[in-house]
């Protein structure tokens, strides 16, 4: 999950206080359910011989290249790639000058099997000691078969650092043209990194959890993720628990393929971690790992993390907290996680919580259900009230919850919303799309949701915080 919290009197309290103004005395502003009905693009699989899944030319050419943040503060990246014929070179050559590679880092190499599938050789290379706000070029491969890419490091960690995130979830290019449209729109949006809220390859939708679908997914998203960091969180389609196939280890493919900088934030699990990037503090939570009290990697990590205090923080997880998803699809699935973590969100003034899982878009008002327990009967979310803030007047305590499981998928849209629309729900629509969050400075940010209207990007929501 992604969480933004404010400690410097910075951007996100003000950002959310604008929304709070509309609703500070109760749910005065009625929510809106979009009546838009999209025509369906083809839901059948895109053929694997389509050019978007092309294997790079050359013997043992590196493929499925992707990067993510490699440390806590944004001065490192993890560069990953796969070779198939042999391990090949494990070195990354890099420099701030194109084609003049004066630095070298070495990758760890691993592979895995899943039932009758054997992966290629997976390389993960930490490149650290980088400068902020700098462009770096890197080269991987061996001999005449090399490939070159570049990336831009974020600005320094500061409440006034400007930065733009793309937010995508449930993105499935192996199956639908909707996913192709989503990535194309993101790449034209100016987003500098992606907060990915789970469900990657959907390999578990195929017979025996076809591992080749992980490979085709990796080749497709390379056009973006080889050049900018995608911040990963896992969804239910990454679990792949199949004891009937002799595969009892959850997240086997995901954990081998997608490295995270969890140790940099003192986490004991790669499924739970935190990073700072520009003016955002990002907490990634795992919806499908142990998280109740006394679990070291879930509740224990969050409860013992001093990083929750006094930072601007984003939180991201896969499934939506049950109270704030008013779609019949997956309704109430997130209740246990809400009961464990919502008090933390309120106490630490989390501003935005992003989730996927539900194949639709929905945004809440600033709400909380922290007063609920099984004896008091207060079972309905209540709006933020600035005048009665127990932290500080005029500082919003409650988050806005945003469901963005609309990247595109084989299973189709979740079009059955509960009726009437709950008062805490501000806007909802069953469409494919993606979001952007642009942090301007300590006082302003812009959030935008964009619909994929059969391949045409249509701006549907623009909020100024």
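The values are calculated or read from the model by the stated rules, or taken from the named source; none is laboratory data. Model, not experiment: these values are computed from the prediction. All Cβ positions, glycine included, derive from the backbone under ideal geometry; neighbour counts span all protein chains shown.
For this structure, a couple of remarks:
- For residue 287, the criteria (1) at pLDDT below 85; (2) surrounded by 21 or more Cβ atoms within 10 Å (Cβ to Cβ); (3) assigned to a loop (DSSP other than H, G, I, E, B) hold in every case but one, which is (1).
- In segment 93-155, counting only strands (runs of 3 or more DSSP E) that sit wholly within it, the ones holding 3 or more residues that are under 25 Å from the mean Cα position of the chain (by Cα) span 121-127, 135-142, 145-152.
- Exactly one residue out of 408, 412 is crowded, with 19+ Cβ neighbours inside 10 Å, at positive phi and modelled with pLDDT under 85, and it is 408.
- Condition broken by residue 168, with the remaining ones in (1) outside the structural domain of residue 437 (by TED's automatic domain parsing); (2) surrounded by 19 or more Cβ atoms within 10 Å (Cβ to Cβ) satisfied: (1)
- Counting residues in segment 144-165 that are under 27 Å from residue 236 (Cβ atoms) and in contact with a helix residue (DSSP H, G or I) (Cβ under 6 Å, 6 or more places away or on another chain) gives zero.
- Residue within segment 324-340 that is in the same structural domain as residue 301 (by TED's automatic domain parsing), surrounded by 24 or more Cβ atoms within 10 Å (Cβ to Cβ), touching a residue at least 12 places away in the same chain (Cβ under 8 Å) and on the phi > 0 side of the Ramachandran plot present: no
- From 155, 173, 159, residue being modelled with pLDDT of 95 or more and either under 20 Å from residue 75 (Cα atoms) or crowded, with 24+ Cβ neighbours inside 10 Å (or both): 155
- Options 374, 309; residue that is at pLDDT below 80 and farther than 30 Å from residue 74 by Cα: 374
- Taken over segment 233-257, the criterion of being without any contact (Cβ under 8 Å) to a residue 40 or more places away in the chain and either farther than 16 Å from residue 215 by Cα or surrounded by fewer than 22 Cβ atoms within 10 Å (Cβ to Cβ) (or both) is satisfied by 241, 243, 244, 248, 249, 250, 251, 255.
- Qualifying residue in segment 329-347 (condition: assigned to a strand (DSSP E or B) and modelled with pLDDT under 75): no
- Candidate set: segment 26-74, residues that are within 30 Å of residue 279 (Cβ to Cβ), in contact with a helix residue (DSSP H, G or I) (Cβ under 9 Å, 6 or more places away or on another chain) and assigned to a loop (DSSP other than H, G, I, E, B); chosen: the one modelled with the lowest pLDDT: 29
- The set of residues in segment 194-215 being touching a residue at least 40 places away in the same chain (Cβ under 8 Å) and farther than 22 Å from residue 359 by Cα consists of 208, 210, 211, 212, 215.
- Index of the failed condition, residue 149 passing every other in (1) buried (at least 17 other Cβ atoms within 10 Å of the Cβ); (2) without any contact (Cβ under 8 Å) to a residue 40 or more places away in the chain: (2)
- Conditions (1) surrounded by fewer than 23 Cβ atoms within 10 Å (Cβ to Cβ); (2) at pLDDT 95 or above: number failed by residue 188: (2)
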